[in-house]
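Down below is the structure, laid out as structure tokens.
The values are calculated or read from the model by the stated rules, or taken from the named source; none is laboratory data. In this text, all values refer to a predicted model and were calculated from it rather than measured experimentally. FYI the Cβ positions are ideal-geometry reconstructions off the backbone, even for glycines, and counts take in every protein chain you see. These area figures cover heavy atoms from the full protein model, side chains too; ligands, DNA and RNA do not enter into them. Shrake-Rupley method; radii C 1.70, N 1.55, O 1.52, S 1.80 Å.
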Amino acid sequence: NKLDNVSVLPFALSNFDGESNFGGSGTSKMFAMGAGTEIVAVRSAASLLSEGMVAQPDFVKIDVEGAEADTLRGLLPILSPSSRLLIAMHNADADRACMEMLHEAGFSCVASRGLDENRVARWHSDPDLYCVGPEYAHREVDFAALRAASF
């Protein structure tokens, strides 16, 4: 996409370093870590940062087809208190686990309308959750913009 502030690395991001099966059938929504026959390299954000492969992020988009909690578990230790996250939630278990970790870390979150709907009905999509760290200076501006956009 001709973006100069994005790096693509050949790893799945999780809470460990090693390898995992990856795959599934049908659309990408059916693919998952721990499934399928493809073996992929897996890294934690902490190890990538400590090895100088990435800089400390201040904004992270997580869309990992159900592995949100493991990815967040590996990412939270390196996030600054002013970080922002946008997480696509793929199931109720991941949503609950992520919300617990984010709450414990002092993050404030705004659920999209789709996420609110999925939390009270059958899970049917991958709605977003926007989160800001406890020291993020523009939280109210961001939250107001999301409400105005019917997030």
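A few comments on the model shown:
- Close Cβ contacts (under 8 Å, 6 or more residues apart or on different chains) running from residues in the range 43-64 that are open to solvent by less than 60 Å² (accessible area, probe 1.4 Å) to residues that are in a helix (DSSP H, G or I) and hydroxyl-bearing (Ser, Thr, Tyr) comprise Ile62/Thr71; Val64/Thr71.
- Lys2 assigned to a helix (DSSP H, G or I) and at pLDDT below 90: no
- Of all residues in the range 105-127, those that are of a type outside the set (S, T, N, Q), open to solvent by less than 80 Å² (accessible area, probe 1.4 Å) and in contact (Cβ under 8 Å) with a residue 24 or more places away in the chain total 8.
- Total residues in the range 50-94, condition closer than 16 Å to Glu135 by Cα and not aliphatic (A, V, I, L, M): 10
- Against the conditions (1) open to solvent by less than 70 Å² (accessible area, probe 1.4 Å); (2) of a type outside the set (Asp, Glu); (3) touching a helix residue (DSSP H, G or I) at 6+ places or on another chain (Cβ under 7 Å); (4) over 23 Å from Val42 (Cβ atoms), Ser82 satisfies every one except (3).
- Yes/no for Gly106 being among the small types (Gly, Ala, Ser), modelled with pLDDT under 95 and closer than 30 Å to Ser50 by Cβ: no
- Any chance Tyr130 is surrounded by 15 or more Cβ atoms within 10 Å (Cβ to Cβ), more than 30 Å from Asn21 (Cα to Cα) and at pLDDT 95 or above: no
- Pair list, Cβ < 6 Å and 6+ apart or interchain, from the range 83-104 residues that are touching a residue at least 24 places away in the same chain (Cβ under 8 Å) to residues that are assigned to a helix (DSSP H, G or I) and surrounded by fewer than 21 Cβ atoms within 10 Å (Cβ to Cβ): none
- Ile87 being outside any helix (DSSP H, G or I) and in contact with a Cys (Cβ under 8 Å, 6 or more places away or on another chain): yes
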